[in-house]
Amino acid sequence: MHSFSRTTGISVVVANMVGTGVFTSLGFQLLGIQSPFVLMMLWLVGGLTALCGALTYAELGANLPRSGGEYNFLSRLYHPCAGFISGWVSATVGFAAPVALAAMTFGAYLSAVFPELSRTWTAVSLVVILTLAHCLSRQASSSVQQIFTALKLLLILLFCAVILVWGNSPQTLNFAPQAGDEKLLFSGAFAVALIYVNYAYTGWNAATYVTGEMHNPQRNLPIILFIGTATVMALYLMLNFTFLSAAPISSLEGKLEIGVIVADAALGDNAGKVMGAVLALLLISTVSAMTMAGPRVLQVIGEDFKVFAKLADCNRQGIPATAVLFQGVLAVFFIISATFESVLIFSSFVLGVNTLFSVLGVFVLRYKKLNIAGAYKTFAYPAAPLIYLSVTLWTLAYVLISRPQEGLLGLGIIALGATIYFLSADKTAQDSGR
């Protein structure tokens, strides 16, 4: 049976991370922070935090080698209920909503280039096409992922090179630390901005969702997570340096379409449309990656809970086609109804709780002595997981304090998952007792 290679694994990580976040969040960060040094530190801190999380996940994935990501980790380390809640969150909030957001952004950028296209139906068409592609075969799935991820990296590098080399630079910024920057680094504005940055880095854990289909995961998973996350951190720093250097800060404040504004400022009005087309191409890879990873979580839930057994059904190529289709239908529903926008506000909170307990699980893993002999152990343990836990706790606490409605709604999603677990567990127990 064909298994995912190391290259495909890195593609999944990179493609899941580089999506809408890095092209939309700088405008909101500029509302509270004007220092170029502090803005770059945001992306460095976010990247190092993600890297610490990835190093920890590498140990969890190498020692608990099964697809499912946090669902697998939390089920094994804590309780099946914790794993189910994690899988519930990943399957509903973690993948379907971001797939819908990326697809709708794809529709928006493409319709800016071709006004006759419908934003909504262009987005729906993308989800449908990629859902069917990932149902065909694992080989087709791998090829689609590698091609579009390579295209994404090439286009980002080309965008930065064109603007920095041939673009008009409207200002000369000082990226060195200035007086007062140390206060900004520990301010509420930095914490708020870090929430956006953490969302942009979401996806560094994507390879753990396909661990069971990966060639030699004990050896390859740590390499995949490290290279994928480090690559994205370098890309994000380069992109934000380019954004800040190429366009006046005043034109970027509070704006979503950062890439288009930067292209217009540096290269002229027509460049905005070209940038819209480029970003549309980038988002194909993002939707593709999440369409590949998300259904693997649904598959293992179906394997463990009889009431969801249909989700574990695989086609002749061993692909969980039912789960792929289910997630695709859910994403299309979000696109058409647009109700996913409120979900995305609190999704970073819910996913933060998910990864928080997973990273904490490395201490549980070692306490329970579940390590496989010779398997990878977290580099810089215990500093790496402690750094991740500290930064994540800080941002989660700040969400609850500053945005209690979204935080409480996120806790409600978690509570709903627990309720469904106990209902499904009772149903499974009754069925097995017949």
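The values are calculated or read from the model by the stated rules, or taken from the named source; none is laboratory data. Computed from a predicted model, the values in this text were never measured in an experiment. All Cβ positions, even for glycine, are placed from backbone atoms using ideal geometry, and neighbour counts span all protein chains on display.
Taking region 58-82 only, how many residues are more than 10 Å from GLY361 (Cβ to Cβ), within 19 Å of the chain's Cα centre (by Cα) and not aliphatic (A, V, I, L, M)?
6
So, in region 1-19, exactly how many residues are surrounded by fewer than 22 Cβ atoms within 10 Å (Cβ to Cβ) and not basic (Lys, Arg)?
Residues meeting the conditions: 5.
Which condition from (1) acidic (Asp, Glu); (2) modelled with pLDDT of 80 or more; (3) closer than 30 Å to SER118 by Cα is the one that ASP313 breaks?
Just one mismatch for ASP313, condition (3).
Can you confirm whether VAL128 is more than 22 Å from SER337 (Cα to Cα), surrounded by fewer than 21 Cβ atoms within 10 Å (Cβ to Cβ) and not basic (Lys, Arg)?
Details: more than 22 Å from SER337 (Cα to Cα): no; surrounded by fewer than 21 Cβ atoms within 10 Å (Cβ to Cβ): yes; not basic (Lys, Arg): yes.
So VAL128 does not fit the description; no.
Quick check on region 199-206. Is at least one of its residues in a helix (DSSP H, G or I), closer than 21 Å to GLY46 by Cα and either hydrophobic (A, V, I, L, M, F, W, C) or modelled with pLDDT under 75 (or both)?
Taking region 199-206 as the starting set, the residues that turn out to be in a helix (DSSP H, G or I) are 199-201, 206.
Subsequent filtering for residues that are closer than 21 Å to GLY46 by Cα retains 199-201, 206.
Among the residues that remain, those that are also either hydrophobic (A, V, I, L, M, F, W, C) or modelled with pLDDT under 75 (or both) are: 200, 206.
Yes, region 199-206 contains a residue that is in a helix (DSSP H, G or I), closer than 21 Å to GLY46 by Cα and either hydrophobic (A, V, I, L, M, F, W, C) or modelled with pLDDT under 75 (or both).
What's the total number of residues in region 162-186 that are surrounded by 13 or more Cβ atoms within 10 Å (Cβ to Cβ), over 21 Å from GLY259 (Cβ atoms) and at pLDDT 80 or above?
Of the residues in that region, 4 qualify.
Can you tell me which residue among VAL399, VAL350, VAL359 is crowded, with 20+ Cβ neighbours inside 10 Å and touching a Pro at 6+ places or on another chain (Cβ under 7 Å)? Full working, then the answer.
Values: VAL399 fails: touching a Pro at 6+ places or on another chain (Cβ under 7 Å); VAL350 fails: touching a Pro at 6+ places or on another chain (Cβ under 7 Å).
Every option except VAL359 fails the conditions.
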